[in-house]
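**Q** Please read through the structure below; I'll follow up with questions.
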Amino acid sequence: ITTFVQEVIDNGGLEYCDMISIHPYYITKSPEEQDIRAVVASIRKLLENAGKPDMPIVISEWGWSTGREDTTEEEQAMYAVRGASLVSDITDYCIFFSAQEVSTDNAEQKGYGIVKGTQDENELAPKPVYAALSFYNSITGDKEVSLLTTDANKNYQREFEGENEVVIQFWN
């Protein structure tokens, strides 16, 4: 991703951009294993060096597919919430891909949705990721990100502060 962004910068493309949009698909890796924060930080550094430190960064397509046998619907839900939490302070928007599963024989492509697709008996039935993201957004959406810590054992703590309340998220 950073190589492409550097090419855009080198060729004067930032003059035609209002924001940078990235699509980090991970298939089976968790957001911590892929280190999404490092990816965004490297893009932010490129933008700073190019004189555009405040250019918005949007993750406009990302997610984990349950169309493969190595990612369950529960893992998809956990990864989505943890990933959103990890980037909540360093991106301007985070958009999950995609709303509805697609009808295809391609295992990777068909399982990204947050609701079942037309190929399923229960079309539009929510998957666990739908409930997880809905709950996450409902308790953090009106709050400011205030803290992210991690330790040597890969225990994470994220805090969000609102008026007279704090939401604390823990995971390992």
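The values are calculated or read from the model by the stated rules, or taken from the named source; none is laboratory data. Every value quoted in this text rests on a predicted model; they were computed, and no experiment measured them. Reconstructed Cβ throughout: ideal geometry from the backbone, glycine too, with neighbour counts over all protein chains shown. Please note that ligands, DNA and RNA were not included when accessible areas were found on the heavy atoms of the full protein model with its side chains. Shrake-Rupley method; radii C 1.70, N 1.55, O 1.52, S 1.80 Å.
**Q** Looking for something under 17 Å from Gln76 (Cβ atoms), open to solvent by 60 Å² or more (accessible area, probe 1.4 Å) and out of contact with any strand residue (DSSP E or B) (no Cβ under 6 Å at 6 or more places or on another chain) - is there at least one such residue anywhere in region 135-148?
**A** Scanning region 135-148 turns up at least one residue that is under 17 Å from Gln76 (Cβ atoms), open to solvent by 60 Å² or more (accessible area, probe 1.4 Å) and out of contact with any strand residue (DSSP E or B) (no Cβ under 6 Å at 6 or more places or on another chain).
**Q** List, please: which pairs have Cβ atoms under 6 Å, are six or more places apart or on different chains, and start with a residue in region 152-172 that is at negative phi and at pLDDT 95 or above and end with one that is among the polar types (S, T, N, Q) and open to solvent by less than 40 Å² (accessible area, probe 1.4 Å)?
**A** Matching pairs, first to second residue: Arg158/Ser85; Arg158/Gln169; Phe160/Thr140; Val167/Thr140; Gln169/Ser85.
Listed here are the residues, each with its yes/no results for (1) open to solvent by less than 60 Å² (accessible area, probe 1.4 Å); (2) closer than 30 Å to Asp54 by Cα; (3) of a type in the set (A, V, I, L, M, F, W, C).
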residue	(1), (2), (3)
Leu86	yes, yes, yes
Asp89	no, yes, no
Phe97	yes, yes, yes
Asn106	no, no, no
Gly111	yes, no, no
Gln119	no, no, no
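**Q** Please go through region 66-94 and give me each residue that is under 18 Å from Ser134 (Cα atoms) and of a type in the set (Ser, Thr, Tyr), ordered by number.
**A** Once the filter is applied, which keeps residues that are under 18 Å from Ser134 (Cα atoms) and of a type in the set (Ser, Thr, Tyr), region 66-94 yields Tyr79, Ser85, Ser88, Tyr93.
**Q** Step by step: first the residues of region 70-84, then only those that are among the β-branched types (Val, Ile, Thr) and in contact (Cβ under 8 Å) with a residue 24 or more places away in the chain, then the one that is least open to solvent (accessible area, probe 1.4 Å). Which residue is that?
**A** Filtering region 70-84 for residues that are among the β-branched types (Val, Ile, Thr) and in contact (Cβ under 8 Å) with a residue 24 or more places away in the chain, the one least open to solvent (accessible area, probe 1.4 Å) comes out as Thr71.
**Q** Next question. Please work out if Ile59 is among the β-branched types (Val, Ile, Thr), at pLDDT 90 or above, surrounded by 15 or more Cβ atoms within 10 Å (Cβ to Cβ) and assigned to a loop (DSSP other than H, G, I, E, B).
**A** no
Yes/no matrix, rows are residues, columns are (1) in contact with a strand residue (DSSP E or B) (Cβ under 8 Å, 6 or more places away or on another chain); (2) under 21 Å from Asn137 (Cβ atoms):
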residue: Gly13; (1), (2): no, no
residue: Ile22; (1), (2): yes, yes
residue: Val39; (1), (2): yes, no
residue: Ile43; (1), (2): yes, no
residue: Ile57; (1), (2): yes, yes
residue: Ser60; (1), (2): yes, yes
residue: Glu73; (1), (2): no, yes
residue: Ala84; (1), (2): yes, yes
residue: Ile114; (1), (2): yes, yes
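**Q** In region 24-37, which residues are open to solvent by 60 Å² or more (accessible area, probe 1.4 Å), of a type outside the set (Asp, Glu) and out of contact with any strand residue (DSSP E or B) (no Cβ under 8 Å at 6 or more places or on another chain)?
**A** Listed by number, the residues that qualify are Lys29, Gln34, Arg37.
**Q** Being touching a Cys at 6+ places or on another chain (Cβ under 6 Å) and of a type in the set (Phe, Trp, Tyr) is the filter here, so list the residues in region 51-98 that pass it.
**A** Answer for region 51-98, where residues must be touching a Cys at 6+ places or on another chain (Cβ under 6 Å) and of a type in the set (Phe, Trp, Tyr): there is none.
**Q** Let me ask you something else. What is the one condition in (1) under 29 Å from Ala41 (Cβ atoms); (2) hydrophobic (A, V, I, L, M, F, W, C); (3) at pLDDT 95 or above that Ala131 does not satisfy?
**A** (1)
**Q** Right, here's the next one. Do you know which residues across region 1-49 are touching a residue at least 40 places away in the same chain (Cβ under 8 Å), touching an Asp or Glu at 6+ places or on another chain (Cβ under 9 Å) and assigned to a loop (DSSP other than H, G, I, E, B)?
**A** Met19, His23, Tyr26, Ile27, Thr28, Ser30
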